[in-house]
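Trainee: Attaching a single structure in structure tokens format; questions to follow.
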Amino acid sequence: MSFPRHMMATKATHALGDISRDEPDLCVIEREEQHDYVGAWVTGFGFINVRFPKETTRDLTEAEIRLYDGKRVRIGSQPAIPIKIRG
């Protein structure tokens with residue numbers, strides 16, 4: 001698996017506690033450990049080193065790739081940046 005990689009997740013834990021989402025949401029994975037992927041939610045408060053359990057994290061569907069690839073996100077007053085899912 002190459003990194004970074006976009007995936008869909010629901011369960012997420014940060015050093016400050018549970019930051020899970022009710023519905024699957026886009027996350028970016030920076031590395032893989034035995035039971036978790038480690039990364040961040042694409043949108044949110046900017047927490048890093050978030051742990052996403054492998055059993056509740058999945059690859060994007062083809063429809064989700066089409067939906068998110070090239071979409072631009074802005075966090076706070078930062079410039080909008082595109083999400084690059086495909087190459």
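Trainee: Mind jotting down the distance between the C-alpha centroids of region 32-87 and region 2-20, whole Å?
Mentor: Computed from Cα coordinates, the inter-centre distance equals 8 Å.
Trainee: Right, something else. What are the residues whose amide H is under 5 Å from the amide H of residue 6, where those residues sit 5 or more places off or on another chain and H is modelled from the backbone?
Mentor: Amide H to amide H, under 5 Å and 5 or more residues apart or across chains, residue 6 pairs with 29.
Trainee: I'd like to compare 14-24, 39-49: which one has the highest average count of other Cβ atoms within 10 Å, and what's the full order after that? Write down the numbers at each step before the final one.
Mentor: Values: 14-24: 11.1, 39-49: 15.2.
Highest mean packing first, the order is 39-49, 14-24.
Trainee: Compute the FRET efficiency between residue 47 and residue 84 as 1/(1 + (r/R0)^6), taking r as their Cβ-Cβ distance and R0 = 25 Å, and round to the nearest 0.05.
Mentor: With R0 = 25 Å, the Cβ-Cβ based efficiency is 0.75.
Trainee: Apply the Karplus curve 6.51 cos²θ - 1.76 cosθ + 1.60, θ = phi - 60°, to the phi angles in region 45-53 and return the couplings in whole Hz, x for Gly and Pro.
Mentor: Along region 45-53, the couplings run 8, x, 5, 10, 6, 7, 9, 10, x Hz.
Trainee: Quote the relative contact order of the chain in percent (integer), defining contacts as alpha-carbon pairs under 8 Å separated by 6+ residues.
Mentor: 25 percent
Trainee: Here's another thing I want to ask about it. Once all Cα-Cα distances of the chain are split into 5 Å bins that start at 0, what whole-number percent is in each one?
Mentor: The calculated distribution, bin by bin, is 3, 15, 27, 25, 20, 9, 2, 0.
Each value in this text was obtained by applying a stated rule to the coordinates, not by laboratory testing. On a predicted model such as this, the values are computed, not experimentally measured, just so you know. Every residue, glycine as well, gets a Cβ built from its backbone with ideal geometry; the counts of neighbours run over all protein chains shown.
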